[in-house]
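> Submitted below is the structure of interest, expressed as structure tokens.
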Amino acid sequence: MKTVEEFLLHLQGKGFQFEEDSVGFIYFGKHYTNAPDELVNVAIEVTLKAQKTFDGSFYVSFLENLMSNKIIGRKAAIKYAKETLLISI
């Protein structure tokens, strides 16, 4: 499992560019929800797939939903995103 920092570097290597305020928002959401890196990474991924860009409010809302629904792990988080029709991957 990658840390949030490693995941962001991985995405940047694939061509995704994050503004400084976006990176700050990612870490704000992580601390605000007390989410583990794995769920933060999934929330970033789902946000990019659903919104086609990084949308901070979408990201935090999705992360809050993952935590409030006690979603654990990448597989369960992706399943939750599909079930709530956020993504169709």
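Coordinate-derived values only; no laboratory data. Here the structure is a predicted model, which is why all the values come from computation and not from measurement. Methodologically, a virtual Cβ is constructed for each residue, glycine included, from the backbone with ideal geometry; neighbour enumeration extends over all protein chains shown.
> Pairs K30/K79; K52/K82; K14/K70: which are spaced more than 22 Å apart, C-alpha to C-alpha?
In this structure, K14/K70 exceed 22 Å between Cα atoms.
> Hey, got a sec? Which GluC sites (Glu not before Pro) in the stretch 3-32 land in a DSSP loop and have at most 13 other Cβ atoms within 10 Å?
E19
> So I have (i) 5.2; (ii) 7.3; (iii) 7.0, and one of them is mean projected area of the Cα convex hull in nm² calculated from this model. Which one is it?
Of the labelled values, this structure produces (i).
> Could you run the Karplus curve 6.51 cos²θ - 1.76 cosθ + 1.60 with θ = phi - 60° over the stretch 13-25 and give me ³J(HN,Hα) per residue in whole Hz, x for Gly and Pro?
Each residue of the stretch 13-25 in turn: x, 8, x, 7, 10, 9, 5, 4, 5, 5, 5, x, 5 Hz.
> Could you check the simple spin-label distance between S61 and T84, using points 7 Å along Cα→Cβ, in nm with one decimal?
1.0 nm
> Here is a follow-up. Loop-only check: which trypsin sites (Lys or Arg not before Pro) in the stretch 9-84 are DSSP coil with at most 11 other Cβ within 10 angstrom?
Values: sites: K14, K30, K49, K52, K70, R74, K75, K79, K82; in loops: K14, K52, K70.
Here the sparse-neighbourhood loop sites are K14, K52, K70.
> Percent relative contact order of the chain, based on C-alpha pairs within less than 8 angstrom and at least six residues apart?
On the way: 71 pairs, mean separation 25.1, N = 89.
For the chain, the relative contact order is 28 percent.
> Would you please give the FRET efficiency between K2 and Q51, computed as 1/(1 + (r/R0)^6) with r the Cβ-Cβ distance and R0 = 25 Å, to the nearest 0.05?
Details: r = 21 Å, r/R0 = 0.84.
Efficiency at R0 = 25 Å is approximately 0.75.
> To continue, here is another question. Using the basic label-point model (7 angstrom from Cα toward the beta carbon), what is the F28 to F16 distance in nanometres?
Computed distance between label sites F28 and F16 equals 1.9 nm.
> To test your reading of the geometry: what angle, between 0 and 90 degrees and rounded to tens, separates the Cα axis of helix 56-68 from the longest principal axis of the chain?
40 degrees
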